[in-house]
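Step one of this worksheet: look at the structure below.
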Amino acid sequence: MNRTAQLRHMLAQPRLLVAPFTYDAFTAKIAESVGFELIYLSGFGTAMSLGFPDVGLVTESEMVQNARRVAQAVTIPVIADADTGYGNPLNVQRAVRDYEAAGVAGLHLEDQVFPKRCGFFEGKEVIPLEEHVQKVRAAVDARTDPDFLIIARCDALVVEGWEGAVRRCRAYQDAGADMLFVDGISNPQDLETYARELSGLPLLLNADFAPASQVEGYGFKVLIHRGPMFTVYRAVRKAMEDLKDTGFLGPDWSEASPQVRREIATLLGLDQVYQVEQRYRTPGPARE
């Protein structure tokens, strides 16, 4: 079963799929190694890894290159952020084909103006409903694999309120979107409204303030969780500060360092490298 069909099969089950934010092949491999069945490739995280804020500075080709690296690094399905589709319906169609060829199992397209910004940043603007409907239609028509997931993301909540967001989501579903995603959910009240107003539809949630069990109880199909990605920043910054301040990370770290190095090397496939080297080793020169 390929990964698009695998994702469709998982979504057909009566349970929630939790997908952690990842931003490169390394974080994706960590997620798979601890048992996640699905991962999310973050646009915020990809921009972060390139040294940019998430305000539309990362290009389609840069996102697709990262998506390809992540998809090749793991065996589980990947859902990728495709921002606004990088232009009009023609650009959207190219993006869908490029992401599909990169090996991800699905993507989401948002209804922000371009250049976009992170869904939790101030100053968001959205395009007219009818314009994004055409983008969704173009995305659906462009895929060559019918199992490739097209997720319509709505960023209109802070601009038009729930009435506008619900109207847009229903229009996007009518245009052929496989799943809906209202971004900017930041409190329990909005979570309840989201579940109630779009009850019965396949929904994705981006939130970290509610446990997965509660989110599943509301009927969501996918929960993407940014927490692990943000903890990377906290942990690396703390280690950098300690090293800068003291010149040393302490005896506990010195003792753990070799083990951590081995764990990382194992995660990245060093044992398989050794096996291949052994299998294809050529005999040394004959000795007299």
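The values are calculated or read from the model by the stated rules, or taken from the named source; none is laboratory data. For clarity, every value in this text was computed on a predicted model and none was experimentally measured. In this analysis, Cβ positions are derived from the backbone assuming ideal geometry, glycine residues included, and neighbour counts consider all displayed protein chains.
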When you go through 200, 219, 184 one by one, which is the residue that is more than 21 Å from the chain's Cα centre (by Cα) and either in a strand (DSSP E or B) or at positive phi (or both)? 200
Residues in the range 128-149: is at least one closer than 30 Å to residue 72 by Cβ, of a type in the set (S, T, N, Q) and in a strand (DSSP E or B)? no
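Where residues in the range 127-140 are surrounded by 13 or more Cβ atoms within 10 Å (Cβ to Cβ) and charged (D, E, K, R), which of them is farthest from the chain's Cα centre (by Cα)? Steps first, please.
Kept after step one, since they are surrounded by 13 or more Cβ atoms within 10 Å (Cβ to Cβ), are these residues of the range 127-140: 127, 129, 131-140.
Of the ones still in play, those that are also charged (D, E, K, R) are 131, 135, 137.
On the way: 131: 24, 135: 20, 137: 22 Å.
Checking each candidate, the answer is 131.
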Single condition residue 268 does not satisfy, out of (1) in contact (Cβ under 8 Å) with a residue 24 or more places away in the chain; (2) surrounded by 15 or more Cβ atoms within 10 Å (Cβ to Cβ): (2)
For the range 52-71, state whether one or more residues are without any contact (Cβ under 8 Å) to a residue 24 or more places away in the chain, more than 17 Å from residue 108 (Cα to Cα) and either in a loop (DSSP other than H, G, I, E, B) or out of contact with any Phe, Trp or Tyr (no Cβ under 9 Å at 6 or more places or on another chain) (or both). yes
So residue 208, is it surrounded by fewer than 16 Cβ atoms within 10 Å (Cβ to Cβ), at negative phi and in contact with a helix residue (DSSP H, G or I) (Cβ under 9 Å, 6 or more places away or on another chain): yes
Pairs only if they're at least six apart or on different chains, beta carbon under 7 angstrom, first in the range 180-202 and touching a residue at least 12 places away in the same chain (Cβ under 8 Å), second basic (Lys, Arg); list them, first residue then second. 181/153; 183/153; 202/221
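Being among the aromatic types (Phe, Trp, Tyr) and touching a Pro at 6+ places or on another chain (Cβ under 8 Å) is true for just one of 148, 209, 181. Which residue is that? Give the steps one after another, and end with the answer.
Working: 148 fails: touching a Pro at 6+ places or on another chain (Cβ under 8 Å); 181 fails: touching a Pro at 6+ places or on another chain (Cβ under 8 Å).
Of the residues listed, the single one that is among the aromatic types (Phe, Trp, Tyr) and touching a Pro at 6+ places or on another chain (Cβ under 8 Å) is 209.
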Does any residue in the range 3-22 that is farther than 18 Å from residue 104 by Cβ come within less than 8 Å, Cβ to Cβ, of a residue that is of a type outside the set (Asp, Glu) and surrounded by 19 or more Cβ atoms within 10 Å (Cβ to Cβ) six or more places away or on a different chain, and which pairs are these? 16/215; 16/220; 16/221; 16/222; 16/223
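Within the bounds of the range 154-166, is there any residue that is part of a loop (DSSP other than H, G, I, E, B) and surrounded by 19 or more Cβ atoms within 10 Å (Cβ to Cβ)?
The first filter runs over the range 154-166 and keeps only residues part of a loop (DSSP other than H, G, I, E, B), leaving 155-156.
Now drop any that are not surrounded by 19 or more Cβ atoms within 10 Å (Cβ to Cβ), which leaves 155-156.
Yes: one or more hits.
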Specify the residue that is surrounded by the most Cβ atoms within 10 Å (Cβ to Cβ); the eligible residues are those in the range 94-126 that are in a strand (DSSP E or B) and free of Cβ contacts under 8 Å to residues at least 60 places away in the same chain. 107
Quick one: would you say residue 85 is touching a Leu at 6+ places or on another chain (Cβ under 6 Å) and part of a loop (DSSP other than H, G, I, E, B)? yes
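Do we find that residue 85 is under 22 Å from residue 65 (Cβ atoms), touching a residue at least 24 places away in the same chain (Cβ under 8 Å) and either out of contact with any Lys or Arg (no Cβ under 8 Å at 6 or more places or on another chain) or not assigned by TED's automatic domain parsing to the domain that holds residue 206 (or both) in this structure?
Details: under 22 Å from residue 65 (Cβ atoms): yes; touching a residue at least 24 places away in the same chain (Cβ under 8 Å): yes; either out of contact with any Lys or Arg (no Cβ under 8 Å at 6 or more places or on another chain) or not assigned by TED's automatic domain parsing to the domain that holds residue 206 (or both): no.
Here the answer is no, as residue 85 does not meet what is asked.
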Out of the residues in the range 5-32 that are in contact with a strand residue (DSSP E or B) (Cβ under 7 Å, 6 or more places away or on another chain) and of a type in the set (Val, Ile, Thr), state the one that is surrounded by the fewest Cβ atoms within 10 Å (Cβ to Cβ). 18
